[in-house]
1. Positive end of the charge dipole of the chain (Lys, Arg +1 and Asp, Glu -1 on Cβ, about the Cα centre): tell me which of PRO454, GLY23, ALA88 has its Cα farthest that way.
2. Quote the relative contact order of segment 182-303 in percent (integer), defining contacts as alpha-carbon pairs under 8 Å separated by 6+ residues.
3. What value does segment 295-335 have for Rg/Rh, both radii from Cα atoms and Rh as Kirkwood defines it?
4. Only four residue types carry charge here, +1 at the Cβ of Lys and Arg and -1 at the Cβ of Asp and Glu. Report the dipole size of the chain about the Cα centre in Debye, rounded to the nearest 20.
5. Would you work out which of SER127, LEU53, THR340 lies farthest towards the positive end of the dipole of the chain, given +1 charges on the beta-carbon of Lys and Arg and -1 on that of Asp and Glu, about the Cα centre?
6. Could you work out what % of the accessible surface of the chain is carbon and sulfur, using a 1.4 angstrom probe and leaving DNA, RNA and ligands out of the count?
7. Taking the Cα atoms of segment 123-361, report the difference between the largest and smallest coordinate on each principal axis, in whole Å and largest first.
8. Cα axis of helix 21-37 to longest principal axis of the chain: angle in degrees, 0 to 90, nearest 10?
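The values are calculated or read from the model by the stated rules, or taken from the named source; none is laboratory data. Just so it is clear, the model here is predicted, and its values are computed rather than measured. Note: ideal-geometry Cβ built from the backbone for every residue, glycine included; neighbour counts use all protein chains shown. Calculation scope for accessible area: heavy atoms of the full protein, side chains included, ligands and nucleic acids excluded. Shrake-Rupley method; radii C 1.70, N 1.55, O 1.52, S 1.80 Å.
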Amino acid sequence: MTEEWSTSGWDLHLEPGSGAGAGRRAGLEAALRAAIRGGRLAAGSRVPSTRALARDLGLARGTVSAAYDQLVAEGFLQARAGAGTRVAPLPAVTTAAAQASRPRPVPALRLVPGSPDVTTFPVAAWSRATRLALAAAPTSTFGYGDPRGLQELRTVLADYLARTRGVVADPERIVVTSGYAQGLALLAQVLHGAGAHQVAMEDPGLGFHRTIVGRAGLEVLPLPVDRAGACTDLLGGARLADVRAAVVTPAHQYPTGATLAPDRRRALLDWARTTGGLVIEDDYDGEFRYDRHPVGAVQGMGPDEVAYVGSVSKTIGPGVRLGWMVVPERWLEPVVSAKTYADHRTGTVDQLTLAHLIASHGYDRHVRVVRARYRRRRDLLVARLAGLVESGAVEVSGISAGLHAVVSLRAPGAREADVTRRAAELGLEITGLGEHRHVPGEGEPGIVVGFGTPSEPGYPRALDVLVRALGDQGGR
Ligand SMILES: Cc1ncc(COP(=O)(O)O)c(C=O)c1O
């Protein structure tokens, strides 16, 4: 087998990750090992030159060369003078232990919503903030403390949320959580404990969040969404008469991307005031607005009616599991009690780090950098889809903010399932709008394109595949 390795790095879905030199080298090594073990790089095939692979993957040539040396040392590659470097024949792996130690296969390209580009995680700034914050922290920080979270973090968050999102935030009413997911779970539990049976949630919305609310014993009723955001004017109507809370994404509706219109905001707060209902505001990507100034949080107009919830999942990375709620006074005590019995409180070291990052403006700097990156990605997505938009095959919406857009399928007979299947055949994972609906599949067909992933080198390639898959719609 002497076949040439004629494809470039991202044709093989090599995504070495990012980070500093050693991290990127390790990522590339792991990706190459997985490709060899998985058979995508056949024994005997010649690997690309260090120059070509470095260019394709956006790495330093020395990084690629060091990774090759390492794999030669491990026996995955063979270097012969004059014959270049080739994939070595791999002995069959027989033992269960060896099977278990295999790296997981390198994922195919993905343009799915929900994840930021985790290769942008600010490793250096986060490590520095941890070191500095730990050095200055009183030892009491590491004991059981206030279940609402560290005073240091709640204080800087109050200022940050007021400044950037127009939130009326008193540190006393902030509860630090393990992400939005925990905030929603605690609020649902408290509502159920207070006798609520039904909660309205946007349709379409995130199924995972509907499940969280359902698991707290509440029935989830669909709140329709149109181009002006959630139809909050329907709250209080006959169908939703027994609803005690409404969960909404006003700044950038998930997934349609609509911004909640001013009259809908007023209707939402009027409903809450007249019925004693609770508004749960999910501000999951409020920092990423591209077309104008960020749209302020609804909470700023109704701090007694709205539980405002945010997290670092889109700005820094969902792996950190840090979020916050600003809770109306009357719900504070039961929420704090629920938090206490859920997990005492969220881990203090990460709280200290985040507090330091926000106070030193490192958080703002990071958000600015990634916002610019996502804006470029969004622009590239729009540019690549322009031809299909012109021909009337698709329509793109929800692009003024966030990390995803909706591509509506307009060709006669076009079906989400055909497009997602075609994309999968071409090595790209995408998600249909139908999956987000309360009754899956109902409604106009569309694709929710997340542009947070993949990492930079793979992104243009992922868009090529997307355009191909969309271009084939209706014609298969
Ligand atoms: C609609 C929506 N809300 C909230 C979040 C953040 O969730 P968490 O903070 O639990 O990671 C996400 C993340 O993908 C989301 O898509």
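1. ALA88
2. 23
3. Result: Rg/Rh = 1.06.
4. Roughly 1420 debye, rounded to the nearest 20.
5. The residue sitting farthest along the positive end of the dipole is LEU53.
6. Taking all protein chains in place, the chain shows 54 percent carbon and sulfur surface.
7. Principal extents (largest minus smallest coordinate, Cα): 58, 41, 28 Å.
8. Roughly 70 degrees, rounded to the nearest 10.
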